[in-house]
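Visitor: My questions all concern the structure below.
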Amino acid sequence: MNLSNNHLTHLNQDIFLNCEKLVKLNLENNDIRTLQYDTFYNNKELRYLILGYNYLDIIHRKTFIYNIKL
């Protein structure tokens with residue numbers, strides 16, 4: 001899924017909830033500052049997460065606890 005260059009400032013906790021088969025997610029070149037711990041909770045197949053060119057200040061230490069394929 002390509003969501004790059006969309007001026008996203010944050011990701012709601014349930015934004016990817018129904019994307020169980022999501023393997024690649026491109027969030028590059030947005031204005032994201034924080035990743036909550038349950039943002040990617042239901043994305044256990046996620047292997048590639050592209051976050052470059054954002055303004056990440058806070059990444060909760062448990063953000064990727066369910067994403068063992070990353």
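The values are calculated or read from the model by the stated rules, or taken from the named source; none is laboratory data. No experiment lies behind these values; they were computed from the predicted model shown. Cβ coordinates were reconstructed from backbone atoms using ideal geometry, including for glycine residues, and neighbour counts include every protein chain displayed. Side chains are part of the model used for accessible areas, which takes the heavy atoms of the whole protein and leaves out ligands, DNA and RNA. Shrake-Rupley method; radii C 1.70, N 1.55, O 1.52, S 1.80 Å.
Visitor: Give me a comma-separated list of calculated 3J(HN,Hα) values for region 15-23, in order, Karplus coefficients 6.51, -1.76, 1.60 applied at θ = phi - 60°, integers in Hz, x for any Gly or Pro.
Guide: Working through the residues one at a time gives 4, 10, 4, 9, 10, 4, 9, 4, 10 Hz.
Visitor: Probe of 1.4 angstrom, ligands and nucleic acids ignored: what's the accessible area per residue over the chain, in square angstrom?
Guide: Values: 4860 Å² over 70 residues.
Here the per-residue accessible area is 69 Å².
Visitor: If you don't mind, there's one more thing I want to ask. If the cut-off is 18 Å between C-alpha atoms, which aspartates and glutamates fall inside it for LYS21, apart from same-chain ones fewer than 8 positions away?
Guide: ASP38, GLU45
Visitor: Additional query: What whole-number distance in Å separates the alpha-carbon centres of region 1-22 and region 35-70?
Guide: A separation of 11 Å, based on Cα centres.
Visitor: Right, something else. Taking all protein chains in place and a 1.4 Å probe, what share, in percent, of the accessible surface of the chain do carbon and sulfur account for? Kindly include the intermediate steps, with their values, before the conclusion.
Guide: Working: 2400 of 4860 Å².
Of the solvent-accessible surface of the chain, carbon and sulfur hold 49 percent.
Visitor: How high is the relative contact order of the chain, in percent, with contacts defined as C-alpha pairs under 8 Å that are six or more residues apart? Please report the intermediate quantities before stating the final value.
Guide: On the way: 157 pairs, mean separation 23.6, N = 70.
Averaging sequence separation for qualifying contacts and normalising by length gives 34 percent for the chain.
Visitor: How many nm is it between the label spots at TYR53 and TYR37, if each spot is 7 Å from the Cα in line with the beta carbon?
Guide: About 3.2 nm, to one decimal.
Visitor: In whole Hz and in residue order, list the ³J(HN,Hα) couplings for region 40-51 that follow from phi through the Karplus curve 6.51 cos²θ - 1.76 cosθ + 1.60, θ = phi - 60°; x for Gly and Pro.
Guide: For region 40-51, the Karplus-derived couplings read 10, 3, 9, 10, 5, 8, 4, 10, 10, 10, 9, 10 Hz, x marking Gly and Pro.
Visitor: Same structure, new question: Compute from the Cα atoms of the chain the Rg and the Dmax, the latter being the longest Cα-Cα distance, and quote both in angstrom.
Guide: 11.0, 28
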